[in-house]
């Protein structure tokens, strides 16, 4: 009887680390500036998911004009069918201020140790980081992507200059490991703000093409942001 062929050895490859983006905000209402910026980052960094995370009680901003449920519903309308954008509603389920460090700790507990998390911050929000709750711990849980528009001309505070000197990486695609570094991502400038949209709606003017059609339909159906008769 001839020799038997040795059985083939099957090598199982470890799954690649996931790449998860997080964009928080009041989204009061969500608009094309939020969405276009999120989609550009998701595509340029090959993210598996970019989670839009509406805040319930933002500690650094005034109370949102409409309810958390309405803001959540508008974000859900906006991203429906637009992969890899998804909605994460965990901050709306917590009965306390929406601290980013708490959100990141909860997300981290659900992910693999080598999954990468990218926190997206606009330039103004980044410059305000030293006022955030436990801000020095953020980089233990994520990389920070600063969405800097070409017209941003303010200087970061000294505490952030030191952090940038130690942790910044020139190429966002070169961010290594699950957390700990900072990179800048240039954005297509879109001069759109939620404040502007609320003012237009309050004065009875159209916001078509400033928000997705599905969001506009929700605003109209629920009479949001309109001045009382």
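For the reader, a short list of remarks on this structure follows.
- Checked against (1) touching a residue at least 12 places away in the same chain (Cβ under 8 Å); (2) under 20 Å from the mean Cα position of the chain (by Cα), residue 203 passes all but a single condition, namely (2).
- Residue match in region 211-229 (condition: surrounded by fewer than 16 Cβ atoms within 10 Å (Cβ to Cβ), at pLDDT below 95, out of contact with any helix residue (DSSP H, G or I) (no Cβ under 7 Å at 6 or more places or on another chain) and assigned to a loop (DSSP other than H, G, I, E, B)): yes
- Condition met for residue 114 (out of contact with any strand residue (DSSP E or B) (no Cβ under 8 Å at 6 or more places or on another chain) and farther than 21 Å from residue 35 by Cα): yes
- Lone unmet requirement of (1) surrounded by 11 or more Cβ atoms within 10 Å (Cβ to Cβ); (2) under 20 Å from residue 25 (Cβ atoms) for residue 188: (1)
- The residue that is surrounded by the most Cβ atoms within 10 Å (Cβ to Cβ), among those in region 95-150 that are in contact (Cβ under 8 Å) with a residue 60 or more places away in the chain and part of a helix (DSSP H, G or I), is 100.
- Odd one out for residue 37 among (1) under 23 Å from residue 147 (Cβ atoms); (2) more than 14 Å from the chain's Cα centre (by Cα): (2)
- Among the residues of region 68-94, those that are surrounded by 13 or more Cβ atoms within 10 Å (Cβ to Cβ), modelled with pLDDT of 95 or more and part of a loop (DSSP other than H, G, I, E, B) comprise 82, 84, 88, 89.
- Of the set (1) without any contact (Cβ under 8 Å) to a residue 12 or more places away in the chain; (2) part of a loop (DSSP other than H, G, I, E, B); (3) within 15 Å of residue 82 (Cα to Cα), all apply to residue 30 but (1).
- Residues of region 45-65 that are at pLDDT 95 or above and either part of a loop (DSSP other than H, G, I, E, B) or surrounded by fewer than 14 Cβ atoms within 10 Å (Cβ to Cβ) (or both): 45, 46, 47, 48.
- Any hit, region 151-168, residues being modelled with pLDDT under 95, exposed (fewer than 12 other Cβ atoms within 10 Å of the Cβ) and either within 19 Å of the chain's Cα centre (by Cα) or closer than 22 Å to residue 36 by Cα (or both): yes
The values are calculated or read from the model by the stated rules, or taken from the named source; none is laboratory data. If you're wondering where the values come from, they're calculated on a predicted model, not measured in any experiment. All Cβ positions, glycine included, derive from the backbone under ideal geometry; neighbour counts span all protein chains shown.
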